[in-house]
Structure formats: C-alpha cells, structure tokens
C-alpha cells in the first residue's frame, strides 16, 4: 500500500506565505492524506472524534461507547460508561491522554455530560438535564476548564450551559441569550414551523 506523508506545519505555512505574498512561484501541491483502517475495539457506531495530538485521540458513539488511542491509532481501548449503555455520545472533548468529556444527546434526562481524569477507568456525571424539552447536541471548549454546551431551543429560547472550572455546569439565563430563529415553511397546504 502506498502512503503519503502530510507536510509539516512549517512547510505548509511557508508554502501558504509564498503564495499569499505573490512571489510568482506556486507552491507544490500538498499530497493527499492516506486513510488506513484501524480496529477501534468496538462494533458501536462512532460519531465524534477529538485529537489531542498525533498520538492521543478520543472518540465517542452510541450505546454509551468511547475509545482512546495513545499511540497514534496503532491500538485502541474501547469502553462503555457504566450505566450509560443506552446513551448516544454525540460529542467528545479530549484534554489529554487521561482527561476527556463526553456529551450524551437526547431528550430530557438522556442529555448528560461526563468527565474522566483517569483515562476512562472511571467517569463522573457532571450534568444531567432536567428540562423535558431540552435536547443537547454539542459542546465546545477553549481550554481544559472552560466550555459551553448547546441544546435545541426550549420555549423559543436557546438553552446554553457553561462551565468555568471544568467541574460544574450552569445554565446561562437572561437577555444575553437570543430568541431562536423560527423558519416558516409552506408546503402541501400546511404551515410548518422549523
């Protein structure tokens, strides 16, 4: 099997800078990445990935599943969050080889946030949704302790959580949350709200 090397970041930046500065030379085309199948250690559908670096990557999926590699994908260790085998982990945020967050999507109490600090040996439930109409879809972090999680709109307003310490999650309330956009679609003689 033929494999290609992905150029180093300095090489890519040099090529981009040369093109942007218009020195008259075109950068050579970047080689296409090569995909190689890997054994994840699970048959569950995986749907989110969060790389820390070239060696450490966490993934998450259905049936409460997560997996982690610490050797660049040569080996994976998969597991199921205890008591979470019915959950759909739609998002994962990896901090390092030991620490990661999982977000379970679903209506009501199925929306949850878990955290591990020991490589998945144990998981702490940090948030369990109590709003019946909320359905958390995703989260994002800007460092290991500060993050935001988003739900579908509830009563015409976005439902947003934040953490400022990587431990506790609280709902953002007040006028800072805009009303959710409602698009009206007319079709087949019915007015549908989306």
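The values are calculated or read from the model by the stated rules, or taken from the named source; none is laboratory data. The model shown is predicted, which means the values in this text are computed figures rather than measured ones. Every residue, glycine among them, receives a Cβ derived from its backbone with ideal geometry; neighbour counts consider all protein chains shown.
Is it the case that segment 37-45 has a residue that's in a loop (DSSP other than H, G, I, E, B), assigned by TED's automatic domain parsing to the domain that holds residue 116 and more than 27 Å from residue 88 (Cβ to Cβ)?
Looking for residues that are in a loop (DSSP other than H, G, I, E, B), assigned by TED's automatic domain parsing to the domain that holds residue 116 and more than 27 Å from residue 88 (Cβ to Cβ), one finds none in segment 37-45, hence no.
Tell me which residues, restricted to segment 67-119, are under 16 Å from residue 50 (Cβ atoms), part of a loop (DSSP other than H, G, I, E, B) and touching a residue at least 24 places away in the same chain (Cβ under 8 Å).
70, 73, 76, 81, 95, 96, 97, 99, 119
How many residues are farther than 20 Å from residue 130 by Cβ and in contact with a strand residue (DSSP E or B) (Cβ under 8 Å, 6 or more places away or on another chain) if we restrict to segment 92-116? Outline the logic, then answer.
In the first step, residues of segment 92-116 are kept if they are farther than 20 Å from residue 130 by Cβ; the result is 92-100, 116.
Now drop any that are not in contact with a strand residue (DSSP E or B) (Cβ under 8 Å, 6 or more places away or on another chain), which leaves 92-95, 97-100, 116.
Adding up the residues that qualify gives 9.
For residues in segment 138-160 being in a strand (DSSP E or B) and either more than 15 Å from the chain's Cα centre (by Cα) or on the phi > 0 side of the Ramachandran plot (or both), which is surrounded by the fewest Cβ atoms within 10 Å (Cβ to Cβ)? Before you say what the answer is, go through the steps one by one.
Our first condition is that a residue be in a strand (DSSP E or B); within segment 138-160, this holds for 138-141, 147-154, 157-160.
Applying the additional criterion that residues be either more than 15 Å from the chain's Cα centre (by Cα) or on the phi > 0 side of the Ramachandran plot (or both) yields 152-154, 157-160.
Working: 152: 15, 153: 17, 154: 14, 157: 12, 158: 15, 159: 23, 160: 16.
This residue is 157.
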